[in-house]
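Participant: Take this structure first; my questions come after.
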Amino acid sequence: MGLDPDRWFDNVEHAAAATVGRETVDYVANIYKYYIAYRMLRDRQATRCEAPMAAAPQGGGGVAVAAATAATGCQLKP
């Protein structure tokens with residue numbers, strides 16, 4: 001079919017749909033959407049958690065870091 005075997009969306013998915021049916025292709029597309037949403041959520045949380053650590057004073061700032069991370073729901077790293 002002249003398709004790139006390394007590219008699924010808008011390419012091999014059409015050949016797969018013709019061979020195995022649309023249900024399987026839709027399943028893969030839904031899983032990929034959840035993967036993207038989870039990755040975006042993880043990245044957003046990581047960005048939000050970096051701010052309290054960067055803003056905390058160096059040396060003796062443990063209380064400030066603990067308060068900031070508690071407010072954002074981030075976990076302290078050892």
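The values are calculated or read from the model by the stated rules, or taken from the named source; none is laboratory data. What you see is a predicted model, and the numbers here were worked out from it, not measured in a lab. Cβ atoms come from the backbone with ideal geometry, glycine included; neighbour counts cover every protein chain shown. Note: accessible area is taken over every heavy atom of the protein model, side chains too, but ligands, DNA and RNA are not part of it. Shrake-Rupley method; radii C 1.70, N 1.55, O 1.52, S 1.80 Å.
Participant: Ranked from the most accessible area to the least, with a 1.4 Å probe and all protein chains present, what is the order of THR24, THR47, THR19?
Facilitator: Largest accessible area first, the residues go THR19, THR47, THR24.
Participant: Find out how many positive minus negative residues lie around PHE9, taking Lys and Arg as positive, Asp and Glu as negative, among other residues whose Cβ is under 13 Å from that of PHE9.
Facilitator: -3
Participant: Using the basic label-point model (7 angstrom from Cα toward the beta carbon), what is the ALA29 to TRP8 distance in nanometres?
Facilitator: Between ALA29 and TRP8, the label points sit 1.3 nm apart.
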